[in-house]
Amino acid sequence: MLKDRFKLITIYIFMYLISIVGSLFFDVKETYHTNESAVVVVIISLLTFIILSKAWRIERIAIINFLIVILIFCLPIIIDIEYITSFFYQSTPNPTIFPEIIITVDSILFIPFVMMLDIMHNQLHITNSFVIRGLYLAILLGLIYIKFTISFLENKSRN
């Protein structure tokens with residue numbers, strides 16, 4: 001039986017491939033266009049994550065840990081959100097806090113999640129970076145709270 005982390009890595013690879021192939025198949029254009037096809041690709045990617053995590057019976061705490069790690073690794077993208085949004089306006093990117101190579105590697109490695117940022121900016125018209133950062137931190141802190149609550153309840157039930 002595979003461990004949960006290997007199952008989650010496999011699911012993430014599926015999400016990554018679905019995002020890339022789906023972008024080609026649904027003809028998702030450059031990030032500065034409003035594109036409804038990007039929503040379809042993200043929904044398919046998220047459904048893949050949910051269905052495979054249920055089918056492979058991955059523990060809830062492992063899923064939460066995985067999402068926390070993903071969110072922590074995406075932190076440079078969120079902190080330098082002005083750099084990403086400058087591409088939406090086709091303007092010269094502002095200088096970044098992090099080295100540009102870190103932003104580039106994060107944008108490539110976390111394509112399924114960067115596409116969600118694209119949707120937030122283009123489809124939902126969230127242009128204020130403070131809103132995106134606030135949503136990001138709320139989700140991250142919520143997941144951490146859930147993780148520690150589940151861990152506390154499991155330890156309490158064992159005693």
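May I ask you to compute the full-extension gain from TYR145 to VAL21, defined as 0.36 nm times their residue separation minus their alpha-carbon distance, rounded to one decimal in nm?
On the way: separation 124, 0.36 × 124 = 44.64 nm, distance 3.46 nm.
Once the chain is fully extended between TYR145 and VAL21, it gains 41.2 nm.
What nm value, rounded to one decimal, do you get for the distance between THR96 and ILE79 when each label is placed 7 Å out toward the C-beta?
1.2
Values in this text are rule-based calculations from the coordinates and carry no lab data. Owing to the predicted nature of the structure, the values given are computational and were not obtained by experimental measurement. Reconstructed Cβ throughout: ideal geometry from the backbone, glycine too, with neighbour counts over all protein chains shown.
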